[in-house]
1. Quick one: count up the residues across segment 184-212 that are within 25 Å of P87 (Cβ to Cβ), surrounded by fewer than 21 Cβ atoms within 10 Å (Cβ to Cβ) and without any contact (Cβ under 8 Å) to a residue 60 or more places away in the chain.
2. Take the conditions in contact with a strand residue (DSSP E or B) (Cβ under 9 Å, 6 or more places away or on another chain), open to solvent by 40 Å² or more (accessible area, probe 1.4 Å) and of a type in the set (D, E, K, R) and apply them to E146. Does it pass?
3. Considering only residues of segment 48-67 that are among the β-branched types (V, I, T) and closer than 11 Å to E20 by Cβ, which is least open to solvent (accessible area, probe 1.4 Å)?
4. For the structure I just gave you, tell me whether T181 is in a helix (DSSP H, G or I), open to solvent by 30 Å² or more (accessible area, probe 1.4 Å) and modelled with pLDDT under 80.
5. I'd like the full set of residues that are assigned to a helix (DSSP H, G or I) and buried (at least 18 other Cβ atoms within 10 Å of the Cβ), limited to segment 247-261.
6. Are any residues in segment 35-47 at pLDDT 85 or above, surrounded by 12 or more Cβ atoms within 10 Å (Cβ to Cβ) and not aromatic (F, W, Y), and if so, which ones?
7. Would segment 121-134 turn up any residue that is hydrophobic (A, V, I, L, M, F, W, C) and at pLDDT 90 or above?
8. Counting only residues that are charged (D, E, K, R) and under 24 Å from I92 (Cα atoms), which one in segment 1-34 is surrounded by the fewest Cβ atoms within 10 Å (Cβ to Cβ)?
Amino acid sequence: MFVVKKLNHNAVLIDDEGVEKIAMGKGLGFSSVVNQPFDPVFADKIFTLDSKEKTKRFSEIAAQIPIEFIEFTEEMIQLISTRISSPLDSNIYITLTDHMYFAVQRKREDSHVTAIMLPEMKLLYPTEYDTAVEVVERINHQYQTELGANEVGFITMHIINAELGEPNSLNSLKILEMTTTILSYLEKSYLENFDKESLTYHRLMIHIKFLVKRLIYNEASPEENFGFFTETFKSSKAYQAALKIKEIIENQFQLAVQENEVIYLAIHLARIY
């Protein structure tokens, strides 16, 4: 293990048997010597990301942002990890650190910037949304800031992106937009008086969200034998609604929906019709 580069007074880039890592600690940059052995006992924290590109980007951030703030962000990422069941992509160390630091520098929300689709995030990603609320509360307490709903929306998107392994919010927003479009159609046409707090509705919402995710990422559909479904079922209200959703997806979002996805969706819809 040896020093590759000094990033600032408190951070150095090190090589550990061919794997680049970032070591941080008070005054570490002063005492370290490039191309000389590095003893990890002197580091408060060593970050290992899963690609050289991510390590390079995080090292650029570590060179500009105080070590205390990076440590605070890591605490928030650990908090998120305890609340979210899905594994988080290591890119969150880059994106969330950078975003939160500049949010704190502003001290309060930028009134000219609005987090879009906030109600949709709360509906479709309740755990991520509630976790983001907790993170924002801790930021405000730690740094005496006045961040609110907009910041909750932005951090929710960072969490969703980390779950999906996305470097940016493009596909995450597509999932939100498509899922919301489908649910809006169903609510207007079929579910006006349906209990949105019911377990059945919750299961339907989750199925639609994962259907949309499969379509956007071109993932394989569930392998099911639906050959036993009769023409009577295909004339049912649930199946016709599923066909309409197929039409909406293909016309508005230019994504092909296979027949087994239509039937699978119709089965879920049949439970509430």
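The values are calculated or read from the model by the stated rules, or taken from the named source; none is laboratory data. Keep in mind that what you see is a predicted model, and the values were worked out from it rather than measured. Glycine gets a Cβ as well: all are built from the backbone with ideal geometry, and neighbour counts include every protein chain shown. These area figures cover heavy atoms from the full protein model, side chains too; ligands, DNA and RNA do not enter into them. Shrake-Rupley method; radii C 1.70, N 1.55, O 1.52, S 1.80 Å.
1. Let us first name the residues in segment 184-212 that are within 25 Å of P87 (Cβ to Cβ), namely 202-203, 205-212.
In the following step, the residues that additionally are surrounded by fewer than 21 Cβ atoms within 10 Å (Cβ to Cβ) were identified as 202-203, 205-207, 209-210.
Right, trim to without any contact (Cβ under 8 Å) to a residue 60 or more places away in the chain and you get 202, 206, 210.
Total meeting the criteria: 3.
2. Yes; evaluated as a whole, the condition is true for this residue.
3. Within segment 48-67, the first condition is being among the β-branched types (V, I, T), and the residues that meet it are 48, 55, 61, 65, 67.
In the following step, the residues that additionally are closer than 11 Å to E20 by Cβ were identified as 48, 55.
Working: T48: 81, T55: 4 Å².
Among residues in segment 48-67 that are among the β-branched types (V, I, T) and closer than 11 Å to E20 by Cβ, the one least open to solvent (accessible area, probe 1.4 Å) is T55.
4. Against the criterion (in a helix (DSSP H, G or I), open to solvent by 30 Å² or more (accessible area, probe 1.4 Å) and modelled with pLDDT under 80), T181 does not qualify.
5. Those that are assigned to a helix (DSSP H, G or I) and buried (at least 18 other Cβ atoms within 10 Å of the Cβ): I249, E261.
6. P40, A43, D44, I46
7. Initially, segment 121-134 is screened for residues hydrophobic (A, V, I, L, M, F, W, C), giving 121, 123-124, 132-133.
Imposing the further condition that a residue be at pLDDT 90 or above reduces the set to 132-133.
Checking segment 121-134: at least one residue is hydrophobic (A, V, I, L, M, F, W, C) and at pLDDT 90 or above.
8. K26
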